[in-house]
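Just below is one structure, and these are the notes that go with it.
The values are calculated or read from the model by the stated rules, or taken from the named source; none is laboratory data. If you're wondering where the values come from, they're calculated on a predicted model, not measured in any experiment. Glycine also receives a Cβ, built like all others from the backbone with ideal geometry; neighbour counts cover every protein chain displayed. Heavy atoms of the whole protein, side chains included, go into the accessibility calculation; ligands, DNA and RNA do not. Shrake-Rupley method; radii C 1.70, N 1.55, O 1.52, S 1.80 Å.
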Amino acid sequence: MRDAADPLPPLRDVIAAHGLSAKKSLGQNFLLDLNLTRRIARAAGPLDGTTIYEVGPGPGGLTRALLMEGAARVIAVERDDRCLAALADISSVYPGRLEIVSADALELDEPGALAERNVSGPIRIAANLPYNVGTALLVKWLSTPEWPPFWQSLTLMFQREVADRIVSAPGSKDYGRLSVLTQWRARPRILFEVDPRAFAPAPKIKSAIVRIEPLAAPVAPAILSDLEAVTAAAFGQRRKMLRQSLKQLVPDTETLLRTADTDPQERPERLSIEQFAALARAWRDMVEAGHVPCQTDKSS
């Protein structure tokens with residue numbers, strides 16, 4: 001059930017009372033406008049009766065909005081101990097609905113942590129991600145071995161340039177490894193931009209809210225670790241033809257590309273996700289046949 005009003009002080013007052021300042025080393029930029037954070041929360045909704053997993057809540061601007069918009073429970077993971085007291089103040093106003101986890105989300109076993117807290121079924125992830133770990137966290141959530149994953153949607157803040165890479169199609173300048181890894185397993189879309197002036201301190205770049213929903217199955221069969229290896233090699237030298245850039249994977253790129261029915265003179269930004277999956281399968285076949293000196297872990 002939504003709360004019409006938030007009895008807590010304005011976020012600027014909270015930050016001042018707790019002596020908080022955004023740390024560049026943690027990629028922090030605090031959102032101060034509760035109207036904006038409520039808009040972000042609604043983008044993750046409808047929230048009534050849901051459990052939200054939030055990363056990097058900081059002083060709690062989005063946390064408050066998620067609770068105000070009706071989330072039954074918010075599990076907030078924060079590695080900055082300075083912010084814990086401000087989050088505890090929110091918890092006291094919303095008893096039983098906010099659980100604060102002091103941890104590094106990159107290292108946290110999230111399905112295990114959720115199970116320990118008796119969370120069953122898919123959850124939603126909503127976060128104003130720290131800029132310096134946003135991409136790494138997204139790749140982590142896309143790389144979960146179980147699919148469909150433990151989450152049913154991601155509503156995340158990214159730098160605008162990262163958001164563009166996530167949603168870009170083949171042939172565009174922003175299309176790259178992150179585009180392939182995301183769209184192979186999920187459907188992303190940019191919802192809206194966020195003006196730099198909404199943050200404290202104001203970053204020099206624009207941000208955007210991206211919503212990502214998992215597909216029931218990948219768009220084409222492949223082993224995740226093989227797809228990661230192929231895209232890393234191809235986009236690591238994106239200006240080169242595939243017959244050259246893929247040599248770090250296998251000396252005989254002509255056989256690899258012929259098996260995948262791919263033009264050796266093609267460049268990676270023009271390949272579809274299905275074509276990258278075909279390359280990953282062809283490379284796995286060469287690994288199994290002993291034509292590749294090093295192998296990736298098939299368990300992913």
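In the range 267-279, what residues are closer than 18 Å to Ser172 by Cα and open to solvent by 10 Å² or more (accessible area, probe 1.4 Å)? Correct list: Arg267, Glu269, Arg270, Ser272, Ile273, Glu274, Gln275.
Here the range 215-227 is the region considered, the condition is being not in a helix (DSSP H, G or I) and not aliphatic (A, V, I, L, M), and the residue that is least open to solvent (accessible area, probe 1.4 Å) is Pro218.
Suppose we filter Val230, Val194 for residues that are of a type in the set (A, V, I, L, M) and either free of Cβ contacts under 8 Å to residues at least 12 places away in the same chain or touching a Phe, Trp or Tyr at 6+ places or on another chain (Cβ under 7 Å) (or both); which single one remains? Don't jump to the end; show me each part of the working.
Working: Val194 fails: either free of Cβ contacts under 8 Å to residues at least 12 places away in the same chain or touching a Phe, Trp or Tyr at 6+ places or on another chain (Cβ under 7 Å) (or both).
Only one candidate passes the filter, namely Val230.
Restricting attention to the range 66-93, the residues being under 20 Å from Ala17 (Cα atoms), free of Cβ contacts under 8 Å to residues at least 60 places away in the same chain and open to solvent by less than 60 Å² (accessible area, probe 1.4 Å) number 6. Could you tell me whether any residue of the range 192-208 is at pLDDT 95 or above, open to solvent by 10 Å² or more (accessible area, probe 1.4 Å) and aliphatic (A, V, I, L, M)? No. Test of understanding: among Pro145, Pro111, Pro57, which residue is open to solvent by less than 30 Å² (accessible area, probe 1.4 Å), modelled with pLDDT under 95, closer than 20 Å to Ile212 by Cβ and not in a strand (DSSP E or B)? Unique residue meeting the criteria: Pro57. Which of the residues that make up the range 182-191 are open to solvent by less than 10 Å² (accessible area, probe 1.4 Å) and not aromatic (Phe, Trp, Tyr)? Correct list: Thr182, Ala186.
Exactly one residue out of Phe235, Phe276 is in contact with a Phe, Trp or Tyr (Cβ under 8 Å, 6 or more places away or on another chain), closer than 22 Å to Arg165 by Cβ and outside any loop (DSSP other than H, G, I, E, B): that is Phe276. Asn132 falls short on exactly one of the conditions (1) surrounded by fewer than 20 Cβ atoms within 10 Å (Cβ to Cβ); (2) without any contact (Cβ under 8 Å) to a residue 24 or more places away in the chain, and that condition is (2).
Evaluate the range 98-113: report whether one residue or more is of a type in the set (Ser, Thr, Tyr) and within 28 Å of Leu191 (Cα to Cα).
Quick first cut of the range 98-113, residues of a type in the set (Ser, Thr, Tyr) only: 102.
Next cut, within 28 Å of Leu191 (Cα to Cα) only: none.
No, that holds for no residue.
For Ala169, the conditions (1) without any contact (Cβ under 8 Å) to a residue 12 or more places away in the chain; (2) open to solvent by 60 Å² or more (accessible area, probe 1.4 Å) are fulfilled apart from (2).
For the range 159-193, what are the residues that are in a loop (DSSP other than H, G, I, E, B) and either of a type in the set (Phe, Trp, Tyr) or within 14 Å of the chain's Cα centre (by Cα) (or both)? Steps first, please.
Initially, the range 159-193 is screened for residues in a loop (DSSP other than H, G, I, E, B), giving 168-176.
Once the filter is applied, which keeps residues that are in a loop (DSSP other than H, G, I, E, B) and either of a type in the set (Phe, Trp, Tyr) or within 14 Å of the chain's Cα centre (by Cα) (or both), the range 159-193 yields only Tyr175.
The residues of the range 94-108 include none that are free of Cβ contacts under 8 Å to residues at least 24 places away in the same chain and polar (S, T, N, Q).
Just for the range 180-236: of the residues that are touching a Leu at 6+ places or on another chain (Cβ under 7 Å) and aromatic (Phe, Trp, Tyr), which one is nearest to Leu249 (Cα to Cα)? For the range 180-236, the residue satisfying everything is Trp184. Before we move on, is Leu67 among the aliphatic types (A, V, I, L, M), within 16 Å of Ile40 (Cα to Cα), in contact with a Phe, Trp or Tyr (Cβ under 7 Å, 6 or more places away or on another chain) and outside any strand (DSSP E or B)? Answer is yes for this residue. Scanning the range 228-266 for residues that are open to solvent by 10 Å² or more (accessible area, probe 1.4 Å), under 12 Å from Gly176 (Cα atoms) and at pLDDT 95 or above yields a total of 3. Leu106 falls short on exactly one of the conditions (1) open to solvent by 20 Å² or more (accessible area, probe 1.4 Å); (2) assigned to a helix (DSSP H, G or I); (3) among the hydrophobic types (A, V, I, L, M, F, W, C); (4) within 24 Å of Pro122 (Cβ to Cβ), and that condition is (2).
Condition check: open to solvent by 50 Å² or more (accessible area, probe 1.4 Å) and among the basic types (Lys, Arg). Does Arg211 satisfy that?
On the way: open to solvent by 50 Å² or more (accessible area, probe 1.4 Å): no; among the basic types (Lys, Arg): yes.
No, not satisfied.
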